[in-house]
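Chemist: Have a look at the structure that comes next, please.
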Amino acid sequence: MNVIDFIKINGHKSFSVLPFSEIDALALAQLSYMNYNELITSFDDVIDGSNLDAYETSILLSSRNMGDTKNDEKLVKEILSSKRYQDLKFAHYINDHSEKQFCAITFIFKDFICVSYMGTDDTIVGWKEDFALSYLPEIASHKEGLSYLEKIACKYDLPIVLTGHSKGGNVAIYSYLNSSENIKKRITKVYTYDAPGFNKETIDKIIDDTLIDSYIPESSFIGLIMHQVKDCKIVASNKPFMFQHNIYNWLLDENGFLYEEKLAKKSVAFAESNKAWIDSFTNEERQVFFETVFDLFENNDIDSFLELKKNSKEKITKIIDSSAKISKEHKELMKSIIKSLISLYLKILFDRKN
């Protein structure tokens, strides 16, 4: 069973009977990916989940360029029809793509609020910001996430839960760690799901925190990028490798997640090679590499991977043509970085097999 089945089975139980858990936080992390643009048109808008009609629900599920639309529909309908979430309100939605890709929403319950940070969508600016995590101590979404949390904390005198999937989890951790002591005291838990980590300089300044619960699937990829704040709990999945980033492929029983004792060999090899690769090049070299790659997209007016998919032959031809303009120095650096990553991964994977 997955998170949808869990809510179906436990949807009749209130939070006083079955306390809010990592599965509820997982569901709310996924809800951050829905389309609230037409339902919440200003920051102060609050909508009652129990009052959404069929048309409004269809809007919520529209305009999803990436993701599992069929399961999103099932999850939303299960949540909106359950007793467990009968008091749920959606509020303070923000979706900002100005030089960054930041999106967050607050879910209001009777006795607490949950701030949910969305992960990366299919925009080029979103993915560019993700890779900037490898060479910057903080990215634009970090600052936005902290500012958002501060605004929400001022509006409500309630305990706060933070949650986020993928980059959303990374932003949740950053926002918590950098919040004021008064806000920290109100945060009861931070849940992250297959979220990338931070660079070593940042990690070295962080003391392990018991409020942070991080989960990754057994064949994680995204969640093993860079260094994690703390050891992650490993969740069983019924799909291979990258498909495990989809939370609907994580396995549960009626009590919660099903866990594995260790990661898959390919994931361990990727994690070790990724960290070794990062340590092999300076922040400046990694910055040149990723900015050069994403400049190829932006200079050819490619704003999203969906757009690239629709016009793949024409767009790829333009990218190849414009790559000829890259300086010789940058080309050599890019070749060196790509070769290093591939060779490190294959070497570590081979060593582990033997």
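The values are calculated or read from the model by the stated rules, or taken from the named source; none is laboratory data. Note that this is a predicted model, so its numbers are computed, not measured. All Cβ positions, glycine included, derive from the backbone under ideal geometry; neighbour counts span all protein chains shown.
Chemist: For the range 209-226, how many residues meet the condition of being over 26 Å from Phe281 (Cβ atoms) and among the β-branched types (Val, Ile, Thr)?
Modeler: Summing the residues that are over 26 Å from Phe281 (Cβ atoms) and among the β-branched types (Val, Ile, Thr) in the range 209-226 gives 2.
Chemist: Here's another thing I want to ask about it. If only one of Asn35, Asn71 is among the polar types (S, T, N, Q) and either surrounded by 21 or more Cβ atoms within 10 Å (Cβ to Cβ) or touching a residue at least 40 places away in the same chain (Cβ under 8 Å) (or both), which one is it?
Modeler: Asn71
Chemist: Can you report the number of residues in the range 79-100 which are outside any helix (DSSP H, G or I) and touching a residue at least 60 places away in the same chain (Cβ under 8 Å)?
Modeler: Result for the range 79-100: 5.
Chemist: Within the range 38-58, can you find the residues that are assigned to a helix (DSSP H, G or I) and surrounded by fewer than 16 Cβ atoms within 10 Å (Cβ to Cβ)?
Modeler: Selection gives Ser50, Asn51, Ala54, Tyr55, Glu56, Ser58.
Chemist: Restricting to the range 117-132, name every residue that is in a helix (DSSP H, G or I) and touching a strand residue (DSSP E or B) at 6+ places or on another chain (Cβ under 8 Å).
Modeler: Correct list: Ile124 only.
Chemist: If you take the residues in the range 124-163 that are surrounded by 23 or more Cβ atoms within 10 Å (Cβ to Cβ) and polar (S, T, N, Q), which one is farthest from Asn274 (Cα to Cα)?
Modeler: This residue is Thr163.
Chemist: Can you pull out every residue in the range 244-275 that is hydroxyl-bearing (Ser, Thr, Tyr), within 20 Å of the chain's Cα centre (by Cα) and modelled with pLDDT under 90?
Modeler: Once the filter is applied, which keeps residues that are hydroxyl-bearing (Ser, Thr, Tyr), within 20 Å of the chain's Cα centre (by Cα) and modelled with pLDDT under 90, the range 244-275 yields only Ser267.
Chemist: Of everything in the range 83-123, what is surrounded by fewer than 17 Cβ atoms within 10 Å (Cβ to Cβ) and hydroxyl-bearing (Ser, Thr, Tyr)? Give them in sequence order.
Modeler: If the condition is that a residue be surrounded by fewer than 17 Cβ atoms within 10 Å (Cβ to Cβ) and hydroxyl-bearing (Ser, Thr, Tyr), then Ser98 is the only one that fits.
Chemist: Kindly indicate whether any position in the range 18-25 is modelled with pLDDT under 90 and assigned to a helix (DSSP H, G or I).
Modeler: Among the residues of the range 18-25, not one is modelled with pLDDT under 90 and assigned to a helix (DSSP H, G or I), which makes the answer no.
Chemist: Give the number of residues within the range 133-149 that are assigned to a helix (DSSP H, G or I) and either out of contact with any Lys or Arg (no Cβ under 9 Å at 6 or more places or on another chain) or under 18 Å from Val190 (Cα atoms) (or both).
Modeler: Residues meeting the conditions: 9.
Chemist: Say whether the condition of being at pLDDT 80 or above, closer than 24 Å to Asn283 by Cβ and either not assigned by TED's automatic domain parsing to the domain that holds Leu18 or not in a strand (DSSP E or B) (or both) is met by at least one residue in the range 236-243.
Modeler: no
Chemist: Taking into account only those residues within the range 197-208 that are surrounded by 14 or more Cβ atoms within 10 Å (Cβ to Cβ) and either of a type in the set (A, V, I, L, M, F, W, C) or more than 19 Å from Thr282 (Cα to Cα) (or both), which is farthest from the chain's Cα centre (by Cα)?
Modeler: Ile206
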